[in-house]
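The values are calculated or read from the model by the stated rules, or taken from the named source; none is laboratory data. The structure presented is a predicted model; accordingly, all values stated were derived computationally and were not measured. Note that each Cβ is placed from the backbone with ideal geometry, even for glycine, and that neighbours are counted across all protein chains shown.
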Amino acid sequence: IGILAPLLIIIARCLQGLSVSAEYTGGILVTSQLKENNNSSHPASKMASTTFIGLFIGVIVGIAALNPSLPTWSWRLCFILGGIIGIIALIIRFFLPHDTKHNQQQLRLSWQPLKTVWNNHKKPALIV
């Protein structure tokens, strides 16, 4: 493919970074909101800490893949492993049950959040 190959990898990695950041923040928010008791920070902190553990494992695998004694095609194993894990994550997400209570709360949310904040919480908004 020539010069197109590295450009496609760079574009794919940028898109991957954007999607991971959106999933990460959204996952922590949903996890903390759906917790039944008052300790909603515990599951959210577990998500944050396991994310850093996953990043550390990814760095170790990346360093191992760059070992000069491995074949020249071994760098592809990281992408194959990431693809397999991504497919498994999609399957898990597809079969997760939907919480109807949370969906009903979403329907009651304001369609004009900035106007609601300005009308109801002007002083804290100005402080921030």
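For the range 51-65, the set of residues classified as among the β-branched types (Val, Ile, Thr) and under 20 Å from THR25 (Cβ atoms) consists of THR51, ILE53, listed by residue number. In the range 52-73, the residues that are of a type outside the set (Ser, Thr, Tyr) form Cβ pairs under 7 Å with partners that are assigned to a helix (DSSP H, G or I), at six or more places apart or across chains, as follows: VAL61/CYS78; GLY62/CYS78; ALA65/LEU77; ALA65/CYS78.
Selection of the range 32-74 for residues being modelled with pLDDT of 80 or more and of a type in the set (Lys, Arg) yields only LYS46.
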